[in-house]
Amino acid sequence: MGSKRHCCQKDGCNQDPLPAFVRNHTENGLRCPSCIAAFTETCTASEEARCVGEETRCVAVSGLVQPAGVKFAARGCGMETACHTKPGTLVPSGTRLFTIKKTSCL
């Protein structure tokens, strides 16, 4: 999952669409435990993710997926900014909206 954000500094600056999220796919040598699970707040890593680009941290995240309000948990590679995600942060992805409850970095 990836996202890009832009902070508004003046009225109306959020009228134009954000530029597309562009990802660097070059492996950086970091490997992280990886898993994703529904209906639970934890998952046990059974795979290993190869991190790319600016993904310099191993991240664990849990929360709710809307519109159904289903619990989810995931682990894998992330950028440093993911480590500072606050509870209640909303992350849109396709037709789903993820509400982050907990994030931790290894």
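Of the trypsin sites (Lys or Arg not before Pro) found in segment 22-59, the ones in coil according to DSSP and having at most 15 other Cβ atoms within 10 Å of their Cβ are 23.
Would you please give the FRET efficiency between residue 52 and residue 106, computed as 1/(1 + (r/R0)^6) with r the Cβ-Cβ distance and R0 = 30 Å, to the nearest 0.05?
On the way: r = 17 Å, r/R0 = 0.57.
After rounding, the FRET efficiency stands at 0.95.
Taken along the Cα-to-beta-carbon direction at a fixed 7 Å, the label points for residue 10 and residue 93 span 3.6 nm. Stokes-Einstein diffusion of the chain at 4 °C, 1.567 mPa s viscosity, Kirkwood radius from Cα pairs, rounded to a whole number: 87 µm²/s.
Values in this text are rule-based calculations from the coordinates and carry no lab data. None of the values given here were measured: they were computed from a predicted structure. Cβ coordinates were reconstructed from backbone atoms using ideal geometry, including for glycine residues, and neighbour counts include every protein chain displayed.
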